[in-house]
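Everything below concerns the one structure shown next.
The values are calculated or read from the model by the stated rules, or taken from the named source; none is laboratory data. For clarity, every value in this text was computed on a predicted model and none was experimentally measured. Ideal geometry is used to build each Cβ from the backbone, glycine not excepted, and the neighbour counts take in all protein chains shown. Keep in mind that these areas ignore ligands, DNA and RNA; they rest on the heavy atoms of the full protein, side chains included. Shrake-Rupley method; radii C 1.70, N 1.55, O 1.52, S 1.80 Å.
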Amino acid sequence: MKITVCIGSSCHVKGSREVVETFKRLIEEKALQDKIELGGTFCLGSCRDGVCLEMDGQIYSVTPATAEEFFISEVLKKI
Ligand code: FES
C-alpha cells in the first residue's frame, strides 16, 4: 500500500512534516516496512482541508494531532 503525504506549501505549514514523522514511527513500531510505502507529493489540490494525503487513490485530510488515529483506524484496517 502506498501512502503519499502532501508536502506542498499549504500542507507544510499545517504540519505535513509531523504527519510524515508520525507515520514513519508507526510503520517502524508495527514493522510494516514491507507493506507500506510512504512517499511525498506536491499539492493535491485540496489545500483548504489541511494536511492532505492520498491512499488507494483516495484523498484524505489529517492534522498532526489526528495522524496517529487515522493510521490506526484507516490504514491498519486496509492492510
Ligand atoms: S498544499 Fe497540500 S493540498 Fe495543496
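Descriptive notes on the structure:
- Here region 34-79 is the region considered, the condition is being touching a helix residue (DSSP H, G or I) at 6+ places or on another chain (Cβ under 6 Å) and of a type in the set (Gly, Ala, Ser), and the residue that is farthest from residue 10 (Cα to Cα) is 67.
- Contacts under 6 angstrom Cβ, first residue in region 44-59 being among the hydrophobic types (A, V, I, L, M, F, W, C), partner in a helix (DSSP H, G or I), 6 or more apart: 47/10; 51/11; 51/16; 51/19; 52/11
- Qualifying positions in region 1-16 - part of a strand (DSSP E or B) and closer than 12 Å to residue 49 by Cα: 6
- Residue that is within 12 Å of the ligand (Cβ to nearest atom) and aromatic (Phe, Trp, Tyr), where the choices are 23, 71, 42: 42
- The lone exception for residue 2 - which of (1) more than 9 Å from the ligand (Cβ to nearest atom); (2) in contact with a strand residue (DSSP E or B) (Cβ under 6 Å, 6 or more places away or on another chain); (3) open to solvent by less than 90 Å² (accessible area, probe 1.4 Å); (4) not aliphatic (A, V, I, L, M) it fails: (3)
- Members of region 31-65 found to be in a helix (DSSP H, G or I) and either of a type in the set (Phe, Trp, Tyr) or surrounded by 14 or more Cβ atoms within 10 Å (Cβ to Cβ) (or both), listed by number: 47, 49
- Yes/no for residue 28 being loosely packed, with under 12 Cβ neighbours inside 10 Å and of a type outside the set (Val, Ile, Thr): yes
- Here region 9-19 is the region considered, the condition is being open to solvent by 10 Å² or more (accessible area, probe 1.4 Å) and in contact (Cβ under 8 Å) with a residue 40 or more places away in the chain, and the residue that is nearest to the ligand (Cβ to nearest atom) is 14.
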